[in-house]
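Have a look at the structure below, then the notes.
Readers should treat all values here as calculations from the given coordinates under stated rules, not as data from a laboratory. Everything numeric here is computed off the predicted structure, so don't read it as measured data. Reconstructed Cβ throughout: ideal geometry from the backbone, glycine too, with neighbour counts over all protein chains shown.
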């Protein structure tokens with residue numbers, strides 16, 4: 001049995017670890033490229049959202065590599081994501097592929113079914129062992145999230161452009177072989193130290209930008225053209241609202257992001273008081289939260305036609321007005337080009353710089369925002 | 001107090017229920033006019049441009065009620081079936097409208113939450129509490145109003161099952177009425193799939209219903225089949241759909257193809273409709289398997305009349321040729 005699962009950002013590191021522990025033969029789909037997307041877009045329905053098209057591309061490439069069992073995460077709606085699996089299976093079968101398809105439904109929707117899914121992959125797996133395995137892999141996933149999070153903040157201050165990206169690659173390699181809990185803990189410390197060791201100019205004035213929106217677009221750098229790196233190289237300090245392990249975790253405390261879901265939902269309540277699926281409510285809540293914390297601007301990412309994010313987008317103008325924070329909404333589909341994206345992001349950053357200048361002029365030289373953003377991060381991290 | 005109901009989206013599903021419920025509570029009910037150019041262009045101007053056309057029209061309908069009513073009725077219909085949802089856009093609708101309410105000077109919104117995802121009987125209590133809190137109606141009066149409304153709704157649905165089209169009962173536009181029908185033996189049975197708020201909104205779908213009937217179609221619509229039959233027919237997938245209205249559509253095509261009730265199917269979907277974009281794959285597969293011709297008709301606010309007419313003409317002609325050929329062989 002050769003198992004495969006679509007890409008989503010650095011999730012594959014965690015899956016590597018998980019399948020190794022379970023003794024399952026894991027076929028990692030080739031890294032997502034334009035070719036992947038072209039294959040996916042060709043076979044997917046026209047206005048299905050971008051993640052589905054990338055998933056289909058990943059699956060086709062994995063099947064070509066010999067995978068015979070495909071795993072896809074499920075859900076219970078109302079976002080489209082929960083039904084991806086069924087539609088993807090249909091598309092692939094219509095293309096003539098033969099495979100076994102497994103939908104991994106969330107833990108909360110049925111604990112026994114969740115266990116059974118893993119048991120079917122690795123016969124004889126006990127509940128106890130599954131629990132231990134998941135816990136170990138998850139802590140490794142957390143460690144990866146931590147280094148990525150740190151890199152977003154360090155990159156804004158780096159002296160030599162590209163140092164952080166290089167350090168990140170190095171840090172990943174430190175974490176990859178970690179296996180026992182002690183090794184993972186040690187690896188996490190070491191890899192963070194590698195990122196922190198990047199040559200930084202902490203006196204530099206940086207812009208603080210929050211990235212919010214739909215999870216796949218935030219997590220998968222291919223789908224957003226490496227937006228975080230583009231911004232980082234412009235000297236922008238970034239925080240983002242969704243992280244791989246926060247997203248997978250059944251609890252609601254958002255360890256990596258740092259603000260529990262409940263708080264985010266409370267912040268969203270005056271504008272969007274009901275769950276609309278996906279990250280719709282979290283997007284609004286995070287914008288409010290980031291505005292209150294003195295961010296200069298927000299960038300919202302969404303796949304074209306994403307229902308929950310479109311609801312958020314409809315509400316954002318009001319949030320923007322009341323919290324006096326600029327929000328740039330970027331929708332992505334298979335037609336989106338890098339140049340257009342960069343131009344828009346550059347213009348937005350220019351606007352934020354100009355805005356900060358005028359704010360400073362209005363409020364006098366050394367304002368609170370100035371002090372807060374000049375030394376924004378490292379003490380707090 | 002005058003309450004306005006926008007003539008859009010779920011109006012086409014629950015009109016008798018809402019109207020009679022509110023009227024029984026002692027309110028004056030006013031609906032917005034049929035969708036027209038002005039309403040749609042208002043909506044398109046205000047709404048986020050990635051939204052589907054019926055939601056854009058909804059904004060326009062809210063605007064059309066400005067100055068005419070004291071409150072707008074925009075319920076948050078979260079779920080109408082256990083363990084299922086409606087479309088996410090219905091979940092966020094009151095908030096979306098509220099976000100532009102000040103700017104557009106809309107009347108205050110009445111937004112009862114209707115959710116029976118957890119418990120089937122929730123619905124009733126949510127409405128009773130809404131009536132008590134908003135209008136100070138006594139509990140017995142609220143229950144009575146609810147009962148009258150429920151009866152009206154089930155009468156409406158019954159007559160739909162008996163072959164009446166919603167258009168016969170909803171106030172249709174002059175244009176949307178069928179003026180001429182082909183003789184019975186010349187008709188083709190065409191299944192018209194899609195959301196009622198698209199199909200029966202004569203402006204959004206360019207009088208599709210009337211046009212098809214005038215071209216000699218014997219229309220079959222999902223509303224003609226009992227809701228439970230549709231839901232049952234939609235269960236042949238490995239994982240149950242969690243959008244009730246799309247499940248009805250799925251059930252309809254399964255029911256039609258399984259019982260040989262249609263010669264062809266026209267599937268109307270709004271551009272950027274989320275649930276339909278996925279369900280489309282399953283529906284097209286089903287039609288292929290049963291060798292039933294299917295045409296997917298995507299509509300948006302830019303859809304032109306000529307393009308639509310050409311396509312449905314070609315489709316009906318094709319069905320007719322197929323029919324004569326089959327008869328010749330027989």
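A convex hull fitted around the alpha carbon atoms of segment B:1-61 yields 79 Å³ per residue.
For segment B:22-89 versus segment A:86-159, the spacing of their alpha-carbon centroids is 40 Å. Show log10 I(q)/I(0) for the protein assembly as shown at q = 0.07, 0.09 Å⁻¹, two decimals, from a solvent-free Debye sum over equal Cα scatterers. Log10 I(q)/I(0), no solvent term: -0.54, -0.87. Relative to the longest principal axis of the Cα atoms of chain A, helix A:163-175 runs at roughly 30 degrees.
The relative contact order of chain A comes to 15 percent, based on Cα pairs under 8 Å that sit 6 or more residues apart. What does the C-alpha gyration tensor say about the overall shape of chain B? Classify as rounded when a/c is under 1.5, otherwise prolate if a/b is larger than b/c, or oblate. It is prolate, given that a/c is not under 1.5 and a/b is the larger ratio.
Extending 7 Å from the Cα toward the beta-carbon at both residue B:218 and residue B:154 defines two label points whose distance is 3.1 nm. Taking every residue in A:80-91 and counting other chain Cβ atoms within 10 Å of its Cβ, the average works out to 5. Its DSSP H runs of at least 4 residues, each contributing -39,500 (n - 2.57), put the calculated 222 nm mean residue ellipticity of the protein assembly as shown at -16500 deg cm²/dmol, to the nearest 500. Mean-square fluctuations from a GNM of chain B, with a 10 angstrom spring cutoff on Cα atoms, peak among B:213, B:118, B:81 at B:118.
Counting neighbouring Cβ atoms within 10 Å and putting the fewest first, the residues A:103, B:295 line up as B:295, A:103.
Put simply, when A:210-221, B:317-328, A:28-39, A:273-284 are sorted by average Cβ atoms within 10 angstrom per residue, most first, you get A:273-284, A:210-221, A:28-39, B:317-328. Among A:347, A:67, A:268, the largest mean-square fluctuation in a Gaussian network model of chain A, built with springs joining Cα atoms closer than 10 Å, belongs to A:347.
Comparing B:42, B:180, B:256 in a Gaussian network model of chain B, where Cα atoms under 10 Å apart are tied by springs, the biggest mean-square fluctuation is seen for B:180. At 25 °C and 0.890 mPa s, grab the translational diffusion coefficient of segment B:176-329 from Stokes-Einstein with a Kirkwood Rh over Cα pairs, rounded to a whole number in µm² per second. Result for D is 154 µm²/s. With all pairs of different C-alpha atoms in the average, the Kirkwood value for the hydrodynamic radius of segment B:2-161 is 16.2 Å. The distance from the alpha carbon centre of segment B:222-297 to that of segment A:1-17 is 34 Å, rounded to a whole number. Summarising the strand pairing of chain A, around 5 percent of its internal DSSP beta bridges are antiparallel. If R0 equals 30 Å, the separation of the Cβ atoms of residue A:115 and residue A:255 corresponds to a calculated FRET efficiency of about 0.80. With a 10 Å cut-off around each Cβ of A:270-279, the average count of Cβ atoms from other chains is 6. Against the main long axis of the alpha-carbon atoms of chain A, helix A:127-154 sits at an angle near 30°. Tell me whether segment A:228-370 comes out rounded, prolate or oblate; compute the Cα gyration tensor, take square roots of the eigenvalues as a ≥ b ≥ c, and use a/c under 1.5 as the rounded threshold. It comes out oblate by the Cα gyration axes. On the basis of the beta-carbon distance and an R0 of 35 Å, residue B:326 and residue A:64 show a calculated FRET efficiency of 0.25. Counting neighbouring beta carbons within 10 Å and listing from fewest to most, the residues B:85, A:179, B:12 come out as A:179, B:12, B:85.
Spatial offset of segment A:242-267 relative to segment A:48-71 amounts to 28 Å, using the alpha carbon center of each.
Counting only the Cα atoms, segment A:2-125 fills a convex hull of 104 Å³ per residue.
Enter the angle in degrees (range 0 to 90, nearest 10) between the Cα long axis of helix B:122-135 and the first principal axis of the Cα atoms of chain B, meaning the one along which they spread out most. Relative to chain B, helix B:122-135 is tipped by roughly 40 degrees.
Counting Cβ atoms of other protein chains within 10 Å of each Cβ in B:265-275 and taking the mean gives 3. Taking every alpha-carbon pair under 8 Å whose residues sit at least 6 apart, chain B reaches a relative contact order of 17 percent.
Note on residue B:303 and residue A:263: with the Förster distance fixed at 35 Å, the Cβ-Cβ geometry gives a FRET efficiency of about 0.20. From the square roots a ≥ b ≥ c of the eigenvalues of the alpha-carbon gyration tensor of segment B:263-330, which class results: rounded (a/c under 1.5), prolate (a/b over b/c), or oblate? Cα axes put segment B:263-330 in the oblate bin. Taking other C-beta atoms within 10 Å as the exposure proxy, B:263, A:350 rank A:350, B:263 from fewest upward.
Computed over the Cα atoms of chain A, the ratio of the radius of gyration to the Kirkwood radius (Rg/Rh) comes to 0.97.
Across segment B:115-244, counting alpha-carbon atoms alone, Rg and Dmax equal 18.8, 57 Å.
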